[in-house]
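Notes for the one structure printed next.
The values are calculated or read from the model by the stated rules, or taken from the named source; none is laboratory data. Bear in mind that the values here come from a model prediction, so they are computed numbers and not experimental data. Every residue, glycine as well, gets a Cβ built from its backbone with ideal geometry; the counts of neighbours run over all protein chains shown. For the accessible areas, the whole protein counts, side chains as well, though only heavy atoms, and no ligand, DNA or RNA atoms are used. Shrake-Rupley method; radii C 1.70, N 1.55, O 1.52, S 1.80 Å.
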Amino acid sequence: MSDANISLVQDLYAAFARGDVSTILSACAPDVDWRLVGRKDDYPTFGAWQGPGEVEKFFQLVSDLEDFQDFSPREFHGSGDKVFVLGFYSLTIKKTGRSIASEWCHVFTIRAGKVAAFREFTDTAQAAAAYRG
């Protein structure tokens, strides 16, 4: 199952690169648990997003807040129902003009061909500082 799960996740990154959020949302389970480690008080996209409607709000915030120069998933690893993705991004916070560059790890949990859970681990201190200006 790991190969099919990896293919699904790779398709989701391709959709993100095209700006096709609807494809990502359609791949989410109705009860998807989407989380970015960190506090919403520090950065608006951090914290928990429950269900496709909130995930859509998350992606709208990403669009409103961030201008990506690079977003590169680099390694995909599957184990059971999990897909681990190691990558890198660099972006500018639109509000402050400050830049962020960080490696990241995304962990997807796939259930019945849908994303049941997502976790992002990144440099939260750098993001919070850039957002505060």
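Brief remarks on what is shown
- Region 1-15 residues that are modelled with pLDDT under 95, paired with ones that are open to solvent by 40 Å² or more (accessible area, probe 1.4 Å) (beta carbon under 8 Å, 6 or more apart): Met1/Gly80; Met1/Asp81; Ser2/Ser79; Ser2/Gly80
- From the list Val62, Val85, the one residue that fits, being farther than 27 Å from Gly133 by Cβ and modelled with pLDDT of 95 or more, is Val85.
- Residue within region 24-31 that is of a type in the set (Val, Ile, Thr), touching a helix residue (DSSP H, G or I) at 6+ places or on another chain (Cβ under 6 Å) and part of a helix (DSSP H, G or I) present: yes
- Residue count, region 33-66 (criterion: closer than 17 Å to Asp123 by Cα, of a type in the set (Asp, Glu) and either open to solvent by 50 Å² or more (accessible area, probe 1.4 Å) or touching a residue at least 60 places away in the same chain (Cβ under 8 Å) (or both)): 2
- Verdict on Gly78 being touching a Ser or Thr at 6+ places or on another chain (Cβ under 9 Å), modelled with pLDDT of 95 or more and under 21 Å from Asp11 (Cβ atoms): yes
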